Amino acid sequence: MYELRGVTKRYTRGKDVVHALDGVDLTIGDGDRLVIQGPTGGGKSTLLQMLGGLDRPTSGEVVLDGTDLAELPEARLTRVRSENIGFVFQSFNLIPTLTAQENVETALVPLGIKAADRRERAAEALKSVGLGERLGHLPSELSGGQQQRVAIARALVKQPKVLLADEPTGNLDESMRDEIMDVLERMWKEHGLTFVMVTHDSALAKKAPRLATIRKGRITVTEKTGA
Amino acid sequence: MFFTYLRRELRRRRKAALVVASGLALGIALVIVVNSVSNGMGRAQEKVLQSLYGLGTDMTVTKAATPASGDAQRPRFRFEAKDDDSEDKQSSDRVMAQGFTTLPASTVTEVAGQKGVSSAVGGLSLNVVKVSGQFTRGQFQQGDGGVEMRGKPGAGPRYRIEGGGADFDVNMYTVYGTDVTQPALGPLTSSEITSGRTFKTTETNAKVAVADAAYAKEKKLRTGSTVTIKGATYEVIGIATASSGDAAANLYIPLKQAQKLSGEKDKVTTVYVKATDSQQIGAVKSAIRKNVPGTTVTTSADLAKTVSGSLSTAADLAAGVGKWLSIAVLVAAFLVAGLLTSSAVSRRVREFGTLKALGWKSGRVTRQVVGEAVVNGLVGGVLGIALGLAGAYVVTAVSPTLQAQLGGSGGGPGGPGGGGAFLAGPGRQAAKSLEVALTAPVSATTIALAVGLAVAGGLIAGAFGGWRASRLRPADALRRVE
């Protein structure tokens with residue numbers, strides 16, 4: 001469970017101070033699905049970084065299961081990321097020289113899992129996203145949708161509590177978009193994840209049971225009943 | 001994962017990797033060539049010194065230089081005018097101690113008694129000048145020209161002297177009186193007996209000689225031939241071939257015989273000294289100088305300083321230009337490797353950011369970068385070693401000939417022309433010119449140095465890149481997307 005209290009993030013660009021997040025309060029329960037929407041530069045990705053422990057707020061608290069990520073030393077924060085948080089990026093962010101299976105394995109490396117187990121778990125994860133036949137393929141040999149599915153397998157192979165997705169369909173065409181959203185939704189349900197997704201796509205936003213909109217660093221959360 | 005990732009990355013960026021490796025290879029190859037050429041110079045210098053000293057000699061003791069005492073010691077040749085018409089050849093041998101300076105033979109015992117001296121052996125270097133030939137008397141002839149012998153001009157018979165003169169041949173060579181009881185030390189050790197035999201330790205006063213191969217060839221000497229020195233006949237028992245450069249002398253005879261020939265009874269020109277510990281040569285030198293007055297002690301290091309000529313120039317070049325060029329190229333290669341690695345990290349910001357986002361510690365990412373750089377360095381090292389070995393092989397194959405001028409204070413008394421090359425021989429005062437072929441031996445130390453440099457190059461490059469990678473924030477993986 002996430003609890004964000006008075007989260008502020010300021011960047012200094014030359015003489016200007018940019019308030020990427022301006023006193024954000026937000027609670028995300030275990031197993032929740034939250035979609036974050038807003039204009040470019042509004043602070044969506046910054047909020048996602050705070051949730052993922054990729055960056056620290058200038059002030060405020062980002063509490064995950066009772067631990068304030070803002071105060072954690074780097075080593076422990078890294079550990080939280082490696083064990084509890086899965087990321088899916090807009091540009092897939094696969095390592096171009098590694099095969100699909102090896103890319104998925106990279107998420108298990110920090111956990112100290114033996115190579116044979118890593119390979120087995122990575123293969124299973126890829127099968128679960130429909131890429132059981134593409135284990136040895138390099139990212140360049142896969143379509144955009146397939147690459148994103150590899151990225152989803154990589155995010156989920158360690159069985160995290162949280163899945164954070166930053167515009168996961170941003171680089172995909174419509175058919176691919178639906179395919180990926182189906183996979184993400186299925187995974188969310190199967191794994192009982194807390195799923196936070198940033199998107200520009202209004203169609204996707206409309207489907208979300210809970211929608212957070214960020215403008216100029218300020219957040220507004222809309223709850224939908226029956227969604 | 002470490003090795004798989006490393007291998008794939010190097011393969012992906014093989015052009016950049018090749019540039020980094022080539023730069024390092026060039027630097028390392030230069031270091032190998034310069035180092036091995038320096039080694040070759042050292043060996044060449046050693047050969048030059050050995051040709052003077054013989055093997056195992058750490059230092060020589062000679063008489064301290066004294067001011068020349070007029071021309072009392074200059075060789076004089078006396079030929080008598082003969083009244084008859086004899087066509088007999090006359091000859092006169094002059095056998096002189098080299099440099100005209102000798103030490104009492106007791107010096108050898110004295111030197112041998114010094115602390116740190118393992119063994120000492122005396123030798124007498126002689127220069128022999130043999131002038132032989134004949135005079136022909138002039139004949140008085142009556143005629144128009146010539147020298148008017150008597151009477152007034154224009155009156156009486158005229159006489160002139162025709163013919164007459166002298167035809168003399170000067171043969172100069174060197175003889176070394178060796179202590180046959182101690183064959184392990186002295187100039188003869190630098191030669192190999194290629195025919196016949198060397199002296200027996202019992203032949204202390206035998207009329208036997210060993211001839212230098214080059215001299216024997218010139219004079220058509222062989223084992224069993226005889227040579228005559230100042231009227232004494234010696235049987236040639238062996239032919240010695242100098243292992244490098246010129247031989248120390250043309251003929252070697254037992255010390256006592258040399259002393260007898262030169263009239264230098266119980267005298268030696270040089271004492272060859274072997275120290276018990278090669279690290280203590282300085283101390284032994286000081287002890288001899290202090291305790292055996294009137295002597296000059298020359299170590300091989302001292303003698304090495306007197307080496308001049310192209311060998312010396314080449315050695316200076318290797319030590320100066322070569323060393324600094326290697327350092328400059330290495331520094332440039334390290335810098336280029338570092339900058340290229342750092343820039344490669346910059347191009348992989350998202351990749352490393354993603355890994356950090358996945359929970360890879362900074363240390364693991366840094367290790368990956370350093371690992372890649374070290375492998376790059378090692379590839380450069382292997383290329384560099386191959387290139388360096390090829391370079392060293394070429395130098396050895398071409399074997400450029402270097403000339404070394406050794407020696408110092410000239411030929412001693414005798415004035416200009418009195419001390420030329422024929423006065424060369426063992427000892428401090430010798431001036432000697434040798435030709436040695438340059439080789440470039442690659443030692444295990446040089447290879448170890450090259451490997452060390454390769455690893456160092458990789459680590460330096462890795463440090464650049466690793467530092468950059470360690471400073472990347474995982475948020476950069478996302479930021480790039482926006």
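The values are calculated or read from the model by the stated rules, or taken from the named source; none is laboratory data. If you're wondering where the values come from, they're calculated on a predicted model, not measured in any experiment. Heads up, the Cβs are rebuilt from the backbone with ideal geometry, glycines too, and the neighbour counts pull from every protein chain shown. What goes into the accessible areas is simple: the full protein's heavy atoms, side chains included, and nothing from ligands, DNA or RNA. Shrake-Rupley method; radii C 1.70, N 1.55, O 1.52, S 1.80 Å.
Overview of values
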{"quantity": "Length-normalised contact order of segment A:134-227 in % [C-alpha pairs under 8 Å, at least 6 apart]", "calculated": "23 percent"}
{"quantity": "Kirkwood Rh in Å, taken over segment A:52-109 so that all alpha-carbon pairs contribute", "calculated": "13.1 Å"}
{"quantity": "At R0 = 22 Å, FRET efficiency that the Cβ-Cβ distance of residue B:243 and residue B:223 yields, to 0.05", "calculated": "0.65"}
{"quantity": "Exposure of residue B:172 as accessible area (Å², to 10), given a probe of 1.4 Å and all protein chains", "calculated": "90 Å²"}
{"quantity": "Neighbouring partner chain Cβ atoms per residue of A:90-100, average, 10 Å criterion", "calculated": "5"}
{"quantity": "Globularity ratio of segment A:132-227, using Cα Rg and 2.2 N^0.38 Å", "calculated": "1.17"}
{"quantity": "Heavy-atom accessible area order for A:127, B:15, largest first, 1.4 Å probe", "calculated": "B:15, A:127"}
{"quantity": "Simple spin-label estimate for residue B:302 and residue A:127 in nanometres, 7 Å along Cα-Cβ", "calculated": "8.8 nm"}
{"quantity": "Calculated FRET value between residue B:394 and residue B:332, using beta carbons and R₀ = 25 Å, to 0.05", "calculated": "0.60"}
{"quantity": "Value of [θ]222 nm, deg cm²/dmol, for chain A, DSSP H segments ≥ 4, -39500 (n - 2.57) each, nearest 500", "calculated": "-10000 deg cm²/dmol"}
{"quantity": "Residue order for A:3, B:218 - accessible surface, 1.4 angstrom probe, largest first", "calculated": "B:218, A:3"}
{"quantity": "Ranked packing of B:253-261, A:116-124, most packed first, by mean Cβ within 10 Å", "calculated": "B:253-261, A:116-124"}
{"quantity": "For segment B:325-333, Karplus couplings with θ = phi - 60° (6.51, -1.76, 1.60), whole Hz, Gly/Pro x", "calculated": "5, 4, 5, 4, 5, 4, 4, 4, 5"}
{"quantity": "In Å², nearest 10: area of residue B:43 left accessible to a 1.4 Å probe", "calculated": "130 Å²"}
{"quantity": "For segment A:55-70, Karplus couplings with θ = phi - 60° (6.51, -1.76, 1.60), whole Hz, Gly/Pro x", "calculated": "8, 10, x, 5, 8, x, 10, 10, 9, 10, 6, x, 10, 7, 5, 5"}
{"quantity": "Total accessible surface hidden between B and A, rounded to 100 Å², 1.4 Å probe", "calculated": "2500 Å²"}
{"quantity": "In order through segment B:348-365: 3J(HN,Hα) via Karplus (6.51 cos²θ - 1.76 cosθ + 1.60), integer Hz, x for Gly, Pro", "calculated": "10, 4, 5, 4, 6, x, 4, 4, 5, 5, 6, x, 6, 6, 3, x, 5, 5"}
{"quantity": "Amide H within-cut-off set for residue A:9, under 5 Å, with H built and near neighbours excluded", "calculated": "A:20, A:21, A:22, A:23, A:58"}
{"quantity": "Kirkwood hydrodynamic radius of segment A:43-192, Cα pairs, Å", "calculated": "15.8 Å"}
{"quantity": "Heavy-atom SASA rank of A:105, A:61 (probe 1.4 Å, accessible area, largest first)", "calculated": "A:61, A:105"}
{"quantity": "Probe 1.4 Å - accessible area at residue B:362, Å² to nearest ten", "calculated": "50 Å²"}
